[in-house]
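Here's the structure, in structure tokens; my notes come after.
The values are calculated or read from the model by the stated rules, or taken from the named source; none is laboratory data. Predicted model only: the values in this text are computed from it and were never measured. Cβ sites come from the backbone with ideal geometry, for glycine too, and all protein chains shown count toward neighbours. Note: areas computed on protein heavy atoms with side chains; ligands, DNA, RNA excluded. Shrake-Rupley method; radii C 1.70, N 1.55, O 1.52, S 1.80 Å.
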Amino acid sequence: MKLLKRPFLLTAAAAITGAVAWGTVDLTLTAQNVSETATPIKHVVVIFGENVSFDHYFGAYPKALNPIGQPRFMAKQATPAVNGLTEELLKNNPNFTNPVNAAGATNPFRLDRTQAFTADQSHGYQAEQQAFNNGAMDMFPRYTGNTGAVPGPGPFHTKGLVMGYYDGNTVTALWNYAQNFALSDNSFGTTFGPSTPGAINLISGQTNGGVRSGGEGEVRPSTALDDGFGGLTIIGDPDPSDDACSTTRSPNFMLTGRNIGDLLNEKKVSWGWFQGGFDLTVTNPNGTTGCARTSYSPIVGSYVKDYMPHHEPFQYYRSTANPKHVRPKSVVSIGTSDDAGANHQYDINDFYAAVSSGNFPAVSFLKALGIQDGHPGLSDPLDEQTFITTVLNFLQKSPEWKSTAVILAYDDSDGWYDHAARIVNSSYAALDLLSGSATCDAPAALPGVAGKPVNGRCGHGPRLPLLVVSPYAKPNFVDHTPTDQTSIIRFIEDNWLGGQRIGNGSFDERAGVINNMFDFSGPTNSVLLLDTNTGLPLK
Amino acid sequence: MKLRRLSALAAAIGALVLFAVGNATRHDEPEEKNNPELSAVAELGRQIFFDKSLSASGEQSCATCHSPSHAYGPPNGASVQPGGPAMKGQGGRAVPSLRYLEHNPPFSIGPSGFIPDNDEPGTSPSPPKDGTKPASFAKNSTPAGAEANVPQGGLDWDGRVDTFQDQAKGPFLDPNEMANSSPEALLGKLQKTAYADGFRKLFGAAVFDQPELAFSEALFALSRFQVEDPSFHPYDSKYDEYLAGKASLTEREMRGLKLFEDPKRGNCAACHIHKASRDGVFQPAFTDYQFVSLGVPRNPEILANSDPRYYDLGLCGPLRKDYARVGSYCGLFKTPTLRNVATRSVFFHNGSFKSLEEVLRFYVQRETQPEKWYPKRADGSVEKYDDLPAAYRGNVDVIDAPFDRKRGDLPSLNDSEIADVIEFLKTLNDGFRGHKP
């Protein structure tokens, strides 16, 4: 119980990973280990990061510049190629040659490790479509670019900043995971848009069914647009209604559909969403507490909110919300429906506590503290790396690692340049400008919650990184299977729920599978512990 | 050593900076020496910082005005520094120190309206209604008044830029400073330097074919030098050691500290924050980063002041443009840190004062004996706040001590007390015990 009350900070994390008492629980008999699964995977952990396009982190993979003094990255010999930034894209990029980009016209350029903290790019539902320019992928500076001005410094003074990419000297840990486990270069955000649609797609594949409830002001189309049948599709970042931490200055929303949590509850499969800052009883070292908790990073250079309600998708559903941030009654109750009203919504510290005590839920979604979630303008790849490596080091030392799969996925692209597109679902709202005025043309149109094809779900959106780290992940493997954010819930459905789907127009029924990233014929003994500062393998 | 560690983290290079550069000497340009802890980018920035060939005159580098042996402040007692293509121009304001800017917040007014990662637009700060006096931002006015519309942050005396990169643009392109006619002119010089190949290596072989990119990277490198090199934030003053329990203050220094803190006497700490943040992340910055109008006397040494219609109004211009029409912000300048203030020989935005004694006397006597500080009109009356147009003189802070006195009152500090405060201020000089950053 001690861990429950402990604010999770860098030092605490080191303490946790350094000396974990695994206790004497007989792991073979815990519910999640005896539950029936279609694969050897008994625990899925989704680390849901913020705001990265595939090319932004992996476009240069596996070649790093390796300047003196930076964590060095040298690819293994048989490293497969990714669909990344070719010579042509690097030297004669359409975003450089297209004059509409004006002063922002730029070829992709390397962001140095010293440039880890950048300005946030634009990642609106509409702006991203415009940047795609009907698949020409040549208007990023103009539409999603943002200069290095406030908030947050950046290295580049024009909107060409959007063309920046990192290499293995900055995203060192992720590149090292890719070297030892499986990476996908063909996975997309389910639809266009910012954090909230991405988070909602992750758990339900359905952003339609929005209901405004609470908060001030008019609902603007850029937050939730008319779906064509009198309903609303969420395409922006409204806070969830009634969450104790939601802003009252703009409209709040709930959703009427169902999510993966509902399905897992019906089958009594243990699960939880664990988010940094969720425990409002904690007081941080700087004296902040409750919803006002903030944490500091010297790379960001300021305090950033720990908990952001619009990153917590289960809060938008009455059936899975914990609006008052009720604490679980005990560590043993975490993940169960008998958790005293916490309702499967917990603090990130509860994850460490639960796993440490032998109560490792079957399905866990992790969201870092704001300062460590990787979101430009508020966080950065190095603080994100600290979080990811802390979690993965911790889990790989667990006796249950042998049946665990960690999926690293992202909510949206932040607007960063990526050169690939895959449009599968249409929409014809005024804000849709992908392929013409009020037009996002695609082969299909999935129904909304009321059963008819709805507007506001133009997608897929930008290509995002996706990695699987697991003893069953194929080592140094690049998967090209077309997938999207809902491929993750599809895997959960296939593994625990006998292939049951959320239905009602959820993307899950069409999602590609991530199974090709695994080899279930037998586990490897691969354990890759990484330095939480450098991302380099620990000796 | 904790602080060194933080700045090293800030450097984002993973390596801990365990030692200040111990061998830098105290003559004028000592630091051509490489600091092995710097990243490749910051090393480029260091070379830019000391490179005179990047100025139109060929006689000026960043280090000329921001002298490393003077806490990156001005190297002499001139109110403002010479510059321009033939070194015949004159900068408009006294040179601020580049030290201890690493936690400087972006410019803002009042509470931040920025909602992180949200497509909902934040509410942008609105300037106070006409007639709202910045004096009402004073520390001891009601909290609502104090918090509502206080301008704060940003770099330069008027907070007009937010990042080191943007700050560096100013001197490179200012016709009275390094006087490059354009970014391209600067890049032309940069390409001829010995370290130009370092640029190509780090930022791409074709970096100079994209001037916007090259210029940005040059400014970034410069900024990175300031972020990474410990000499910009050594935190090794006697006061730092005193806070760490490793040194004790003399009786006079301690008396000075008490007067510095006392809200009814010096009241210096009201704006020059002298305590660390609760979690120890921020050591005392000796500024609250906020803006205030102090009514500093006009300085005839500044050539522009020979035009009686010319006024330097700080936040509302002339260098800054965005608040030019907001009268209640006219005459406000940003509060600088007091770290190393005792090493300076020129003070305030216009360099009106040349010694700390003068500065402190001005503070305590501005209201009690204004005739000592301002010129007399023909009718014998004193023209108080003579470096501000009459319309903006009401913006001057007359609420907080030591400005809350009336003509003829006793000043809040006497000469001996002023001497004590100065003794305390000297404990803010870096390099205590000889480790010269």
Item checked: For B:Lys246, solvent-accessible area (1.4 Å; no DNA, RNA or ligand), Å² -> 130 Å²
Item checked: About the Cα centre, charge dipole magnitude for the protein assembly as shown (Lys/Arg +1, Asp/Glu -1 at Cβ), debye -> 1560 debye
Check: Mind ordering A:521-528, B:177-184 by average Cβ neighbours within 10 Å, highest first?
Finding: B:177-184, A:521-528
Check: When you look at the Cβ of every residue in A:107-119, what mean number of other chain Cβ atoms sits within 10 Å?
Finding: 5
Item checked: Label point distance in nm, A:Ser437-A:Val527, each placed 7 Å from Cα along Cα→Cβ -> 6.3 nm
Next item on the list: Return the tail of the calculated pair distribution for the range B:368-437, meaning the percent of Cα-Cα pairs more than 13 Å apart.
Entry: 77 percent
Next item on the list: Grab the eigenvalues of the alpha-carbon gyration tensor for the range A:67-141, scale each by 5, take roots, and send me the semi-axes largest first in whole angstrom.
Entry: 27, 17, 13
Notebook entry, point to check: With the other protein chains left in place, how much accessible area per residue, in square angstrom, belongs to chain A at a 1.4 angstrom probe?
Noted result: 31 Å²
Notebook entry, point to check: Once you sort the root eigenvalues of the Cα gyration tensor of the range A:49-190 as a ≥ b ≥ c, which label holds: rounded (a/c under 1.5), prolate (a/b larger than b/c) or oblate (the other case)?
Noted result: prolate
Note to self: I need the phi-derived Karplus couplings for the range B:274-279: 6.51 cos²θ - 1.76 cosθ + 1.60, θ = phi - 60°, integer Hz, Gly and Pro marked x.
What the structure shows: 10, 10, 6, 5, 3, 8
Next item on the list: Would you tally the net charge around B:Val364, using a Cβ to Cβ cut-off of less than 14 Å, leaving B:Val364 out, and scoring K and R as +1, D and E as -1?
Entry: -3
Margin query: Starting from a Cα-only point model with no solvent, please compute log10 I(q)/I(0) by Debye for the range A:437-528 at q = 0.10, 0.14, 0.23 1/Å.
Written below: -0.35, -0.63, -1.24
Next item on the list: For B:Lys258, list the lysines whose Cα falls under 19 Å from its own Cα; do not include residues on the same chain fewer than 8 positions away.
Entry: B:Lys139, B:Lys238, B:Lys275, B:Lys426
Notebook entry, point to check: Using the Cα atoms as the points, what is the convex hull volume per residue of the range A:392-491 in Å³?
Noted result: 147 Å³
Item checked: Phi to ³J(HN,Hα) by Karplus 6.51 cos²θ - 1.76 cosθ + 1.60 over the range A:379-395, Hz, x for Gly, Pro -> 8, 6, x, 6, 5, 4, 4, 4, 5, 4, 5, 4, 5, 6, 4, 4, 5
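Please compute, over every Cα-Cα pair in the range B:184-225, the percentage with a separation greater than 11 angstrom.
Considering the range B:184-225, 62 percent of its Cα-Cα pairs are separated by more than 11 Å.
Taking a probe of 1.4 Å, how large is the accessible area per residue of the range B:275-426, in Å²?
42 Å²
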Item checked: Per residue convex hull volume, Cα atoms of the range B:324-400, in Å³ -> 118 Å³
Next item on the list: Write down the Å³ per residue value for the convex hull defined by the alpha carbon atoms of the range A:133-225.
Entry: 190 Å³
Next item on the list: Just report the Cα centroid separation between the range B:332-363 and the range A:81-97, whole Å.
Entry: 54 Å
Note to self: Averaged across B:279-289, how many Cβ atoms of other chains sit within 10 Å of each residue's Cβ atom?
What the structure shows: 2
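Just from its helices, what would the mean residue ellipticity at 222 nm be for chain A, if runs of 4 or more DSSP H residues each count -39500 (n - 2.57) and the sum is divided by every residue, rounded to the nearest 500 deg cm²/dmol? Could you put the intermediate results ahead of the total?
Details: 13 runs with 101 residues, N = 539.
Only helices count here, giving -5000 deg cm²/dmol.
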Check: Taking the Cα centre of chain A as the origin and placing charges on Cβ (Lys, Arg +1; Asp, Glu -1), which of A:Val100, A:Val46, A:Asn186 is farthest toward the positive end of the dipole?
Finding: A:Val46
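What area, in nm² and to one decimal, does the C-alpha convex hull of the range A:264-305 cast on average over all directions?
Projected over every direction and averaged, the Cα hull of the range A:264-305 covers 4.3 nm².
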Notebook entry, point to check: Check B:Glu177: other-chain or 5+ apart residues with amide H under 5 Å from its amide H, H built from backbone geometry?
Noted result: B:Gly84
Checklist line | A:Tyr410 long-range amide H proximity, modeled H, under 5 Å | finding: A:Gly49
Note to self: Using all alpha carbons of the range B:54-105, what is the percent of pairwise distances in each 5 Å bin, ordered from the shortest bin to the longest?
What the structure shows: 5, 20, 26, 24, 16, 6, 3, 0
Margin query: Full-extension gain between B:Tyr195 and B:Ala419, please, as 0.36 nm times their residue separation minus the C-alpha to C-alpha distance.
Written below: 75.8 nm
Next item on the list: Ignore the peptide's own chain and count Cβ atoms of other chains within 10 Å of each Cβ in A:297-306; give me the average, rounded.
Entry: 4
Check: What is the dipole size for the range A:324-444, taken about its Cα centre, with +1 at each Lys and Arg Cβ and -1 at each Asp and Glu Cβ, in debye to the nearest 20?
Finding: 500 debye
Check: Could you give the dipole magnitude of the range B:311-363 about its Cα centre, charging the beta-carbon of Lys and Arg +1 and that of Asp and Glu -1, in debye to the nearest 20?
Finding: 140 debye
Margin query: Let me check against my output: what whole-number percent is the relative contact order of the range B:195-316, with C-alpha pairs under 8 Å and at least 6 apart?
Written below: 8 percent
Next item on the list: Using amide H atoms built 1.01 Å from N in the peptide plane, name the residues 5+ places from A:Phe188, or on other chains, whose amide H lies under 5 Å from its own.
Entry: A:Leu464, A:Thr483, A:Asp484, A:Gln485
Note to self: Can you tell me how chain A classifies by the Cα gyration tensor, rounded, prolate or oblate, using a/c under 1.5 as the rounded cut?
What the structure shows: rounded
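Take the alpha carbon atoms of the range A:313-432, find their radius of gyration, then divide it by 2.2 N^0.38 Å using N residues; give the quotient.
Rg over 2.2 N^0.38 Å, computed on Cα atoms: 1.29.
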Next item on the list: Give me the number: length gained by fully extending B:Glu184 to B:Ala205, i.e. 0.36 nm times residue separation minus the C-alpha to C-alpha distance, one decimal in nm.
Entry: 5.8 nm
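What does the net charge come to around A:Pro465 if you take all other residues with beta carbon closer than 11 Å to its beta carbon, with K and R at +1 and D and E at -1?
Its environment carries a net charge of -2.
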Notebook entry, point to check: What number in nm² do you get for the protein assembly as shown if you take the convex hull of its Cα atoms and divide its surface by four?
Noted result: 39.2 nm²
Next item on the list: Choose one of A:Phe387, A:Pro399, A:Pro376: the residue whose Cα lies farthest towards the positive end of the charge dipole of the range A:358-405 (beta-carbon charges +1 Lys, Arg; -1 Asp, Glu; about the Cα centre).
Entry: A:Pro399
Note to self: If you take the accessible area of A alone plus B alone and subtract the pair, what total do you get in square angstrom, rounded to 100, with a 1.4 Å probe?
What the structure shows: 3700 Å²
Next item on the list: Kindly write out, for the range B:291-306 in residue order, the coupling ³J(HN,Hα) from the Karplus curve 6.51 cos²θ - 1.76 cosθ + 1.60 (θ = phi - 60°), rounded to whole Hz, with x marking Gly and Pro.
Entry: 9, 7, 10, 10, x, 4, x, 5, 10, x, 5, 7, 4, 4, 6, 5
Checklist line | Proportion of all alpha-carbon pairs of the range B:213-281 beyond 19 Å (%) | finding: 56 percent
